[in-house]
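Structure first, commentary second.
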Amino acid sequence: RYEPTWGSLDARPLPAWFDEAKFGIFIHWGVFSVPSFGSEWFWWYWQKEKREPYVKFMEANYPPGFSYEDFGPLFTAEFFDPNQWTDILKASGAKYVVLTSKHHEGFTLWGSKYSWNWNAVDVGPKRDLVAELAASVRNRTDLHFGLYHSLFEWFNPLFLEDSTNAFKTRKFPTSKSLPELYEIVTKYQPEIIWSDGNGNAPDTYWNSTGFLAWLYNESPVRDTVVTNDRWGVGSICTHGGFYTCSDRYNPGHLLPHKWENCMTIDRRSWGYRRDAQLSDYLTIEDLVKQLVETVSCGGNLLMNIGPTHDGRIAAIFEERLRQMGAWLEVNGEAIYGTKPWRAQNDSVTPEVWYTFSPKEGTVNAVFLNWPVSGILELGEPQAKLGETQVKLAGYKELLKWVALGEKGLSIALPQLTPKQLPCQWGWTLQLTAIK
């Protein structure tokens, strides 16, 4: 049994499926998808910080006195087809999905008993969006279903009152935040609880350790659930299950603790933006690079998309997801179920990243640039004459290589036309009998 202390909770082994999965899709969807301007922090930037672009946007497009709450009924989701979403998620090659059940605006995508008239069943779609996506993901795929949940809410009067009292009172967590957490776990049995938004309050205010002890001991997902590290001031990168450390976290070196790089295809926002330019979206080359760097350093990649208020996954997001899936179809053995190797990247050729497949005993070298000479030099692997074999993933024949002294290999890549290449955007060499 786990005690409600960090010492006890942090000792819980992370369920193995999470490390093996390597790649998930994050979905930021909510009332912020209606203005779909600037950022999913629209309400805060407009009302609290009164940032000029947001104030001007509202003045130009909405009548005086229009409130953020008035966006609620406009969050309509009429084109939301959970099966279509699920098929796109499956095609991406991801092994898990995390949906924002509630962002900092407090609007819940399920009919929460604790969010009266500010949820997707009472207002807007009049549908339980969490239930629909969860059912579809479970019926059509083997993806693990997870939920993001924001602890705090920007403008909730109870939270603001507690905050004014320097968190000596706990009206908000006891009547809103914690009951919601118990509700989504019991109702939807998510295998990831992705907590966020501590509101500058300590974990004792949120009773995070009490909730996690229940989650790990009693809840219906106690054996399989994984959690992140955002449970109150001071817990990030220190306590919880896997570490997120910061948004778009990619240290570029091996970490001693399981971590996740949560990042966005749209560089500037987690929610959908109608004002996004093409150059704001990461290319598939950028995304493959993020995935390979992250996995080689022991992390998982959680790649975010933002659907529209009417429930569509924009074509550019769908294209990126399907491209990633096409790449993983060829190179998945270098990603899924791998462990970090003794070297993360190559010492001679830049943009080469290593992973290790323990079952096959294979060292995978993923290289992001195809050399003009057709010869790839690797400084790290130690080959054994007559034993070491080099394969290009997706290509039948073995490749010729010569050793470079004590350490290192020079590999002759096959002469292929662009059409004959097994894939684009990055390639995997599978090396056997390597030290």
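The values are calculated or read from the model by the stated rules, or taken from the named source; none is laboratory data. All figures in this text were calculated on a predicted structure; none of them were measured in a lab. We place every Cβ from the backbone using ideal geometry, glycine too, and count neighbours over all the protein chains shown. Heads up: the accessible areas ignore ligands, DNA and RNA and are worked out on the full protein's heavy atoms, side chains in. Shrake-Rupley method; radii C 1.70, N 1.55, O 1.52, S 1.80 Å.
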Report summary line: With DSSP loop assignment and no more than 12 other C-beta atoms within 10 Å, the trypsin sites (Lys or Arg not before Pro) in region 250-291 are R274
**Report entry** Degrees separating the helix 315-331 axis from the principal Cα axis of the chain, which is the longest one
**Finding:** 40
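Per DSSP H run of at least 4 residues, take -39500 (n - 2.57); add these up for the chain, divide by its residues and hand me the 222 nm value, nearest 500 deg cm²/dmol.
-7000 deg cm²/dmol
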Requested in this report: May I ask for the net charge around G374, where only other residues with Cβ less than 15 Å from the Cβ of G374 are counted and Lys, Arg are +1 while Asp, Glu are -1?
Outcome: -1
Report task. Quick one: what are the phi-derived ³J(HN,Hα) couplings along region 152-164, Karplus 6.51/-1.76/1.60 with θ = phi - 60°, whole Hz, x for glycine and proline? Result -> 9, 9, 3, 10, 5, x, 5, 5, 5, 5, 4, 5, 4
Requested in this report: Take the alpha carbon gyration tensor of region 1-93, find the square roots of its eigenvalues, order them as a ≥ b ≥ c, and report rounded if a/c is under 1.5; if not, report prolate when a/b exceeds b/c, else oblate.
Outcome: oblate
Report task. Using a/c under 1.5 as the rounded threshold, could you call region 339-432 rounded, prolate or oblate? The axes a ≥ b ≥ c are square roots of the C-alpha gyration tensor eigenvalues, and prolate needs a/b larger than b/c, oblate otherwise. Result -> rounded
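For region 334-386, what percent of Cα pairs sit more than 16 Å apart? Before the final figure, lay out the partial values.
Details: 611 of 1378 pairs.
Cα-Cα pairs in region 334-386 separated by more than 16 Å: 44 percent.
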**Report entry** For region 272-409: span of alpha carbons on each principal axis (Å, largest first)
**Finding:** 60, 33, 27
**Report entry** the chain: relative contact order as a whole-number percent, Cα under 8 Å and 6+ apart
**Finding:** 17
Query raised in the report: What are the ³J(HN,Hα) values, in whole Hz, obtained from phi via the Karplus relation 6.51 cos²θ - 1.76 cosθ + 1.60 with θ = phi - 60°, for each residue of region 295-306 in sequence order, with x given for Gly and Pro?
Result: 5, 5, 9, x, x, 10, 9, 10, 9, 9, 10, x
**Report entry** Rounded accessible area of E397 (nearest 10 Å², 1.4 Å probe)
**Finding:** 120
Requested in this report: Could you tally the net charge around W118, taking each other residue with its Cβ under 11 Å from the Cβ of W118, Lys/Arg +1 and Asp/Glu -1?
Outcome: -2
Requested in this report: Rounded to the nearest 0.05, what FRET efficiency do V233 and S67 give with R0 = 30 Å and r taken as the Cβ-Cβ distance? Could you check?
Outcome: 0.50
Report summary line: Connecting every pair of Cα atoms under 10 Å apart in the chain and solving the GNM, the largest mean-square fluctuation among V130, V55, V225 falls on V55
Query raised in the report: How much length, in nm to one decimal, is gained on full extension between R267 and L368, taken as 0.36 nm per residue of separation minus their Cα-Cα distance?
Result: 34.3 nm
Requested in this report: Pull up the DSSP beta bridges for the chain and report the antiparallel fraction as a percent, rounded to 5.
Outcome: 50
Report task. Sort Y96, Y45 by accessible area with a 1.4 Å probe, largest first. Result -> Y45, Y96
Query raised in the report: Once amide H atoms are built 1.01 Å from N in the peptide plane, which residues 5 or more positions from L392, or in another chain, come under 5 Å H to H?
Result: L399, Q430
**Report entry** Helix 82-91 axis, angle to the chain major axis (alpha carbon atoms, nearest 10°)
**Finding:** 20
Query raised in the report: So how tilted is helix 208-217 from the main axis of the chain? Cα-based, degrees 0 to 90, rounded to 10.
Result: 60
Query raised in the report: Per residue, what volume in Å³ does the Cα convex hull of region 167-308 take up?
Result: 139
Query raised in the report: Taking θ as phi - 60°, what are the ³J(HN,Hα) couplings along region 95-111 by the Karplus curve (6.51, -1.76, 1.60), each to the nearest whole Hz, with x for Gly and Pro?
Result: 10, 8, 9, 10, 9, 6, 6, 7, 9, 5, 6, x, 6, 9, 7, 10, x
Query raised in the report: Which number comes out as Rg/Rh for region 42-93 once both Rg and the Kirkwood Rh are worked out on C-alpha atoms?
Result: 1.21
Requested in this report: Take the Cα of E406, step 7 Å along the line toward its Cβ, and report every residue of region 344-361 whose backbone nitrogen sits under 16 Å from that point.
Outcome: 347-348
**Report entry** Radius 12 Å from Cβ of G426, net charge of other residues (Lys, Arg +1; Asp, Glu -1)
**Finding:** -3
Report task. Could you estimate the translational diffusion coefficient of the chain from the Stokes-Einstein equation, with Rh from the Kirkwood formula over C-alpha pairs, at 37 °C and 0.692 mPa s, in whole µm²/s? Result -> 142
Report summary line: Over the chain, cysteine residues that find no other Cys C-beta under 4.7 Å are C262, C297, C423
Report task. Work out how far the C-alpha atoms of region 387-435 reach from end to end along every principal axis, then list the three figures in whole Å, largest first. Result -> 36, 19, 16
**Report entry** Mean Cβ neighbour count within 10 Å, used as a protection proxy, ranking 97-106, 167-176, 361-370 highest first
**Finding:** 97-106, 361-370, 167-176
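How much length, in nm to one decimal, is gained on full extension between T283 and E218, taken as 0.36 nm per residue of separation minus their Cα-Cα distance?
This chain segment gains 19.1 nm when fully extended.
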Query raised in the report: In bins 5 Å wide, starting from 0, what share of all Cα pairs of region 73-161 does each bin hold, as a percent?
Result: 3, 14, 22, 21, 18, 12, 6, 3, 1, 0
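When the dipole is taken about the Cα centre of the chain, and only Lys, Arg (+1) and Asp, Glu (-1) are charged at their Cβ, what size is it in debye, to the nearest 20? Could you put the intermediate results ahead of the total?
On the way: 42 positive and 50 negative charges, 105 e Å.
Dipole size: approximately 500 debye.
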Query raised in the report: Which length gain, in nm to one decimal place, applies between Q84 and T174 when the Cα-Cα distance is subtracted from 0.36 nm times their residue separation?
Result: 28.7 nm
Query raised in the report: In whole Å, what are the Cα extents of region 124-179 along the three principal axes, biggest one first?
Result: 48, 25, 16
Query raised in the report: Label-point separation (nm) for D10 and T76, each offset 7 Å from Cα along Cα-to-Cβ?
Result: 5.0
Requested in this report: Compute the normalised compactness of region 99-239: alpha-carbon radius of gyration over 2.2 N^0.38 Å, N being the residue count.
Outcome: 1.03
